[in-house]
Amino acid sequence: MNSVSGVTPASQHDVLIVGGGAAGLTLALSLANRLPAGPRTRRVTLLRPAREAQGASRWAQGGIAAVLAPEDDVESHVADTLIAGDGLCNERAVRFTVGHSREAIEWLIALGVPFTPADADASYPFHLTREGGHGRRRIIHAADATGRALLDTLSAHVEAHPNIEILEDQLAVDIAVNAGRASGLWVMDGTGQRQWLAANDLVLATGGASGLFAHATSPSASVGDGMAMATRAGASLMNLE
Ligand SMILES: Cc1cc2nc3c(=O)[nH]c(=O)nc-3n(C[C@H](O)[C@H](O)[C@H](O)COP(=O)(O)OP(=O)(O)OC[C@H]3O[C@@H](n4cnc5c(N)ncnc54)[C@H](O)[C@@H]3O)c2cc1C
């Protein structure tokens, strides 16, 4: 299934992103906005299945933790995260994420995510809540449907972007490997027909795997497809707990 030698690809892509949740949409937009102008207008391809609405992102309610209020700071957010992570965090990744959290939120505000405004006398213009594990109020939210607001806004920008092509109703089945290198993706459409898409760069933004468990708040579509495909293509996985 993985091998593609002698098989003609159905189409050729520069960057092929699998998954239309918060991660896939954000990457598609970020990459597409950085592409140099040129004769080819479509360079980023986002592939998402018919079950898109069942990704975790649309279900997220509470909000997004970030260093926003003037009385908050990166060090205390990093410390809270490392404690909550109970030894499993990669501190470099935590510092990078928390350190860039303000600019990420400012990017989302500029895109038009309808975050809930604060009272006029608040120190930050958007309402911030405090959630478990956080020593400060730092959760920015859109009422109690933050994920839906985020996805609706990101999707609208992705769908309107001239450098992004969207392949709808496609399920990624396996990573195509050629001479030991990922060279694209085997996909299956709604009729069960399989084909392979060649790609210079392939990104798996296929979410988590908690839908594998009998009792979880995650949607049942989160069954770790991406991790399984990556393993079959030779990648090592870590921290699956
Ligand atoms: C009920 C709930 C509440 C939450 N609340 C919060 C919160 O308040 N704050 C917070 O920060 N986080 C929250 N989270 C966690 C947050 O939603 C996730 O961490 C985040 O949405 C993950 O985004 P993602 O893009 O990585 O994955 P997803 O949103 O799951 O997107 C993955 C996408 O990949 C697609 N995909 C999967 N397999 C394939 C395949 N084989 N082929 C093609 N496409 C595929 C899926 O359809 C899906 O759309 C919550 C999660 C849940 C379930």
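Numerical summary
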| read-out | value |
| --- | --- |
| Total formal charge among the other residues, if their Cβ is under 14 angstrom from that of Pro125, Lys/Arg +1 and Asp/Glu -1 | -1 |
| Length added when fully stretched, Tyr124-Asp86, from 0.36 nm per residue minus Cα-Cα | 10.7 nm |
| Cβ-placed point charges (K, R +1; D, E -1), dipole of the chain about Cα centre in debye, nearest 20 | 640 debye |
| Heavy atoms of Trp186: accessible area, 1.4 Å probe, square angstrom to 10 | 30 Å² |
| Whole-number D in µm² s⁻¹ for the stretch 51-183, Kirkwood Cα-pair radius fed into Stokes-Einstein, 20 °C, 1.002 mPa s | 125 µm²/s |
| Whole-percent carbon and sulfur share, accessible surface of the chain, 1.4 Å | 55 percent |
| Taking the stretch 62-144 and dividing mean pair separation by its residue count, relative contact order in percent (alpha carbons under 8 Å, at least six apart) | 42 percent |
| Relative contact order %, the stretch 119-217, counting alpha carbon pairs below 8 Å whose residues are six or more apart | 12 percent |
| Rounded, prolate or oblate (a/c below 1.5 giving rounded, otherwise prolate when a/b exceeds b/c) for the stretch 114-156 by Cα gyration tensor | oblate |
| Chain lengthening between Glu159 and Asp14 when straightened (0.36 nm per residue, less Cα-Cα) | 50.4 nm |
| Calculated FRET efficiency for the pair Val7/Thr231, C-beta based, R₀ 22 Å, to 0.05 | 0.50 |
| Sequence ranges 78-85, 152-159, ranked by mean other-Cβ count within 10 angstrom, highest first | 152-159, 78-85 |
| Candidate residues Thr26, Thr231, Thr97: accessible-area rank, largest first, probe 1.4 Å | Thr97, Thr231, Thr26 |
| Solvent-accessible ranking of Met238, Met229, Met188, largest area first, probe 1.4 Å | Met238, Met188, Met229 |
| Rg ratio (alpha-carbon, reference 2.2 N^0.38 Å) - the stretch 171-241 | 1.20 |
| Solvent-accessible area of Glu241 with every protein chain in place, 1.4 Å probe, in Å² to the nearest 10 | 150 Å² |
| Solvent-free Debye scattering, log10 I(q)/I(0), computed from the Cα coordinates of the chain at q = 0.09, 0.11, 0.12 Å⁻¹ | -0.45, -0.66, -0.78 |
| Burial ranking of peptide ranges 164-177, 119-132, 100-113, 10-23 (average Cβ count within 10 Å, highest at the top) | 10-23, 164-177, 100-113, 119-132 |
| Per residue value of the accessible surface for the chain (all protein chains in place, 1.4 Å probe), Å² | 55 Å² |
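The values are calculated or read from the model by the stated rules, or taken from the named source; none is laboratory data. Everything quoted here is computed from the prediction, not taken from an experiment. Here the Cβ is made from the backbone with ideal geometry for all residues, glycine too, and neighbour counts use every protein chain on show. Note: accessible area is taken over every heavy atom of the protein model, side chains too, but ligands, DNA and RNA are not part of it. Shrake-Rupley method; radii C 1.70, N 1.55, O 1.52, S 1.80 Å.
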